[in-house]
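Engineer: Following this message is one structure expressed as structure tokens.
The values are calculated or read from the model by the stated rules, or taken from the named source; none is laboratory data. The shown structure was predicted, so the numbers you read here are calculated from the model rather than taken from an experiment. Every residue, glycine among them, receives a Cβ derived from its backbone with ideal geometry; neighbour counts consider all protein chains shown.
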Amino acid sequence: MLDDARTAAPTSMPVLSRGRHRTPRTGACFMEMASYLAGERWSDHPACTHPLLARLARDVNDRTSDTGRARLGRLVPSVVGLHDDDPATDVRLALLCTAAALPVSSMERQHALAVALLAGEDVLAHLEGRSDGEPSEAARAALAR
């Protein structure tokens, strides 16, 4: 039998809640749950997930309601193993977030987000070696909304 509580099999799954947690018994944020599912050391910064995506997941976890957080639980397995060293990945993640935020933000923020979206599209085109700075379909749809 294992004496070390850190390596013993858990008796139940942690419950998603805000903030950091010392152990699975006190709850788990989105990324702590990912570390748990990946078999990593208990952490809200697991190696199994791209750091920018992990940051986004922690922010969403901490800023959403308890009801919303409960719905996030099913998404945790989808971030396990998502890690990429390609610099374009950071830009793609930022563009996805910007495109999602643009249509639902206040008018004052929409202007800044639209500029960020178009600038990000140019950066991505450069990183991908494309000469055209034509916005993607997702960017055009976000701008149209």
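Engineer: If a residue has to be in a loop (DSSP other than H, G, I, E, B), exposed (fewer than 13 other Cβ atoms within 10 Å of the Cβ) and within 20 Å of the chain's Cα centre (by Cα) to count, how many in segment 102-122 make the cut?
Structural biologist: Looking only at segment 102-122, we keep the residues that are in a loop (DSSP other than H, G, I, E, B), and these are 105-106.
Now restrict to residues that are exposed (fewer than 13 other Cβ atoms within 10 Å of the Cβ): 106.
Filter once more, so that each one left must be within 20 Å of the chain's Cα centre (by Cα): none.
Qualifying residue count, segment 102-122: 0.
Engineer: Now for a different question. Among the numbered criteria (1) part of a helix (DSSP H, G or I); (2) under 15 Å from the mean Cα position of the chain (by Cα), which one does D84 miss?
Structural biologist: Among (1) part of a helix (DSSP H, G or I); (2) under 15 Å from the mean Cα position of the chain (by Cα), the lone unmet condition for D84 is (1).
Engineer: Further question: From A139, A99, A125, A28, which residue is free of Cβ contacts under 8 Å to residues at least 12 places away in the same chain, aliphatic (A, V, I, L, M) and surrounded by 13 or more Cβ atoms within 10 Å (Cβ to Cβ)?
Structural biologist: Exactly one residue qualifies, and that residue is A125.
Engineer: What residue, of T49, T64, T89, is under 26 Å from R145 (Cβ atoms), among the hydroxyl-bearing types (S, T, Y), in contact (Cβ under 8 Å) with a residue 24 or more places away in the chain and surrounded by 15 or more Cβ atoms within 10 Å (Cβ to Cβ)?
Structural biologist: After applying the criteria, what remains is T89.
Engineer: Still on this structure, please answer the following. Please state which of the following conditions A34 fails to meet, knowing it meets all the rest: (1) modelled with pLDDT of 85 or more; (2) in contact with a Leu (Cβ under 8 Å, 6 or more places away or on another chain).
Structural biologist: All conditions pass for A34, except number (2).
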